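Student: Mind looking over this structure? Questions follow.
The values are calculated or read from the model by the stated rules, or taken from the named source; none is laboratory data. Everything numeric in this text was worked out from a predicted model, so none of it was measured. Note: ideal-geometry Cβ built from the backbone for every residue, glycine included; neighbour counts use all protein chains shown.
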Amino acid sequence: MGSRGFKRKGEHELAQLPEDKLIAYLASARTAGDVEASGTAVAILIYGLMDNVQRVALKVPREAVEEVSESVLLSVLRSEFAGSSVGEFRKWTGTIIQRRVADYHRDPKRDVRLVALPTEHLGDEEIWGDEPSVEFEGEAVDAERAVEQAYGDLNDKHQLVIDLYVFADLPAREAAEQAGVSEANVHKIAQRFRDHLDKLLKDDSDTQG
Amino acid sequence: MADAHTLLEQYISAHRGGEEADPAAWLDRLPDGGERAKLAALIDAYLSRAPMREWDPDAFRASGLAPFAERANLALYSEAGSWPAVLPQLREKARIKRSDLVARLASALGAQDKQAKVNGYYHEMETGLLPSDGVDDRVLDALGSILGQSAEALRSAGRAVGAGPQGAPPAAAFARTASDAQTEIEASLPKAAAEQEWDEVDQLFRGG
């Protein structure tokens, strides 16, 4: 039974919702003051995001992973996501992770869970971008940028091949069928992506050296 | 020694196979340097694309995430911003027992003889029942000093989120969703501070 016009969903039904719909449901539950309903949505969302949030472990020292991960999840829950697709939600979550990691590196002694994002209620990346922050610089960020560039330099079809074959770990034949290319091409595209990435990082290293 | 691309394949295979796949542990397989940074970036790209974990209530409980999820949910409604989610964690990080923290807080506020009342108010802070606007800077200075954080940061974390629930704050719902441990603490507390005579402790926690 819902409250104030809010229609509660069952746990099973909630578990089938994509991220953007789940967080929209959470916002509705909160507006209606339905603590129990939002609690179920929060649990499903937090559990569902754990793989994505594990990225934090790649960017901060081991002893700070829990603190920064919790700050990311709190920001995701407290912010108002304005998008309407899983892709936008992923991008928005990625921005929050970057911001929280930057907040940590700006002042590791301060508990990052206490750092309020001035635009915490906004999901617009341009507005996020206006906030002062210290980027987590160094080899790690250079490598992230190189991966983005190597991927971004591919056309849509080749990006799909990388998503399916490299990142989703599908067999080459299945990736080929889904992307509409030959199996041999899947291998070639993946190798070109790896070679391009290696070259970008080598060039970057030569420039700095 | 394997290169970053090979280790990425192995990591993805382990992760998708449900094995323990701590990204940091996989990075430790390479020495510091460019190849390690490349592996970190590739794992990052993989995890950013990973689908939501399929809901599994048993695995969720076993993960230890449930208490945090409960506090995070309370923080969505509280008049004390993220205090319910953050204060217990800060206390744990500082390795201070709650009773010790309350004793030190009462002492710092010159209210040693009213420790029970300070305890009641601190409990309300941790459960999001005490509006942060009413808490005096002296309390946050003292608490920040105990927890190793600035009063300003505590104040900032205590700001409520916008677009909250319609109507009255669901205080009753807090009681419904409180964990067993919280309920036990609550039962052991003295009568609600508001029911007692207004004094300097009330002023510090509610009149700030």
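Student: Looking only at the range B:44-103, count how many residues are facing chain A (nearest Cβ under 7 Å), within 30 Å of A:A146 (Cβ to Cβ) and of a type outside the set (S, T, Y).
Tutor: 7
Quick grid of which residues meet (1) surrounded by fewer than 16 Cβ atoms within 10 Å (Cβ to Cβ); (2) under 19 Å from A:V115 (Cβ atoms):
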residue: B:L109; (1), (2): no, no
residue: B:Q112; (1), (2): yes, no
residue: B:V118; (1), (2): no, no
residue: B:A151; (1), (2): no, yes
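Student: Now, a different point. Residue by residue through the range B:129-150, note down the ones that are closer than 19 Å to B:S78 by Cβ, in a helix (DSSP H, G or I) and of a type in the set (A, V, I, L, M).
Tutor: Residues satisfying the conditions are B:V139, B:L140, B:L143, B:L147.
Student: In the range B:10-21, which residue that is within 8 Å of chain A (Cβ to nearest Cβ) and surrounded by 13 or more Cβ atoms within 10 Å (Cβ to Cβ) is nearest to A:R194 (Cα to Cα)?
Tutor: This residue is B:I12.
Student: Quick one: which of A:S69, A:S75 is more than 9 Å from every other protein chain (Cβ to nearest Cβ), at pLDDT below 90, buried (at least 20 other Cβ atoms within 10 Å of the Cβ) and assigned to a helix (DSSP H, G or I)?
Tutor: The conditions single out A:S75.
Student: Additional query: Are any residues in the range B:82-92 touching a residue at least 24 places away in the same chain (Cβ under 8 Å) and surrounded by fewer than 23 Cβ atoms within 10 Å (Cβ to Cβ), and if so, which ones?
Tutor: B:P88, B:R91
Student: Determine, yes or no, whether B:W55 is aromatic (F, W, Y) and not in a helix (DSSP H, G or I).
Tutor: yes
Student: Scanning for something acidic (D, E) and at the interface with chain A (Cβ under 8 Å from one of its Cβ atoms), does the range B:22-39 turn up at least one residue?
Tutor: yes
Student: Among what's in the range A:10-39 and is more than 20 Å from the chain's Cα centre (by Cα), of a type in the set (D, E, K, R) and surrounded by fewer than 18 Cβ atoms within 10 Å (Cβ to Cβ), pick the residue that is farthest from the other protein chains (Cβ to nearest Cβ).
Tutor: A:E13
Student: Continuing with this model, one more query. Could you check how many residues of the range B:22-45 are under 14 Å from A:M50 (Cβ atoms) and not in a loop (DSSP other than H, G, I, E, B)?
Tutor: Qualifying residue count, the range B:22-45: 1.
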